[in-house]
Amino acid sequence: MYAFAYERPTSLADALKHLGAGGQALAGGQTLLASMKQRLASPEKLVDLGRVPELRGVCQDGQSLMIGATTTHAEVAENALVRQHIPALAELAGQIGDKQVRAMGTMGGSIANNDPAACYPSAVLALGATVVTNQRKIVADEFFTGMYSTALAEGEIITAISLPIPQKAIYMKFRQPASRFALVGVFLARTAQGVRVAVTGASSDGVFRHKGLEDALNRSFTPEAVAGVKIDASGLNSDLHASAEYRAHLIGVQTQRAVKQLAG
């Protein structure tokens, strides 16, 4: 490691002041600290958001759940409101990494980093969530812009994520056993506006919605409808863990399993 300034503000106003002065936001640190150790990132000042109360916790806001950006994976997995209204999200959070990662990693940090195999982006996209920042609100369909890339501007941080409560939802994760990231993850949500299907782990561009699956399931919410959709392998990842064709196959299989469980 190398020398850097470290700030630990206790209010959002103080945090924004330090960030405005060139500080780098530190949430759970599960990605940033590893990057610093490898010299892939070298911020001169870290602004630890862990003690900012405005950024943490879960509350219900009408027909949505509002989750603070620094709420940890473990807190999301164990929260009573999440387990009651969006149990698929609680289950997703409980599958991330190991206990140590879940105790430190945060929901806001995960979606801001937008790892192409991360789990949370699929939930945010499938549920039609809204990302709330210190400057504006960004709908999920406009937030994720590519591998490790989002619509966040310089100096803009996530303060909360607003997730509409679905009629039903489920997350199916085919785990890469070493990293525990998703080799392919499918988050399927039935909402008042229709079915939304988001896929993570399959594309180097990151999370994406699959329109073909959504259209088929909006016509007929059955595993057979999914089986009739051709999953195009072009543009999907091919690496030592799985070929693009295998990932395409997994998207279909995981979606069929999701539909079968929800319909049952």
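Coordinate-derived values only; no laboratory data. Source: prediction; values computed, not measured. So basically every Cβ, Gly included, is an ideal-geometry build from the backbone, and we count neighbours across all protein chains shown.
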Fill in: Protection proxy ranking, peptides 123-136, 146-159, average beta carbon neighbours within 10 Å, highest first
123-136, 146-159
Worksheet item: Want the number for Tyr148 to Ser243: 0.36 nm per residue separation, take away the alpha-carbon distance, what's left?
Response: 32.1 nm
Response to the item:
Per-residue ellipticity at 222 nm attributable to helices in the chain (runs of n ≥ 4 DSSP H, -39500 (n - 2.57) apiece, nearest 500 deg cm²/dmol) works out to -9500 deg cm²/dmol
Fill in: Estimated distance in nm for a label pair at Gln100 and Glu224, the labels positioned 7 Å out from Cα along Cα-to-Cβ
5.0
Item to complete: Find the centroid of the Cα atoms in region 206-264 and in region 140-175, then give the distance between the two in whole Å.
Response: 20
Item to complete: Sort 6-13, 34-41 for me by packing, meaning the mean count of neighbouring Cβ atoms within 10 Å per residue, highest on top.
Response: 6-13, 34-41
Item to complete: Calculate, in nm to one decimal, what Asp232 and Phe4 gain on full extension: separation in residues at 0.36 nm each, minus their alpha carbon distance.
Response: 77.4 nm
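So what's Rg/Rh here for region 1-54, counting alpha carbon atoms and using the Kirkwood radius for Rh? Walk me through the numbers on the way to the answer.
Values: Rg = 11.0 Å, Rh = 11.3 Å.
That ratio equals 0.97.
If you average the sequence gap of Cα pairs under 8 Å that are 6 or more apart and divide by the length of the chain, what percent do you get for the contact order? Mind showing how you got there, number by number?
Details: 568 pairs, mean separation 38.3, N = 264.
Rounded, it is 14 percent for the chain.
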Worksheet item: In nm, what is the difference between 0.36 nm times the number of residues separating Lys211 and Leu33 and their Cα-Cα distance?
Response: 60.4 nm
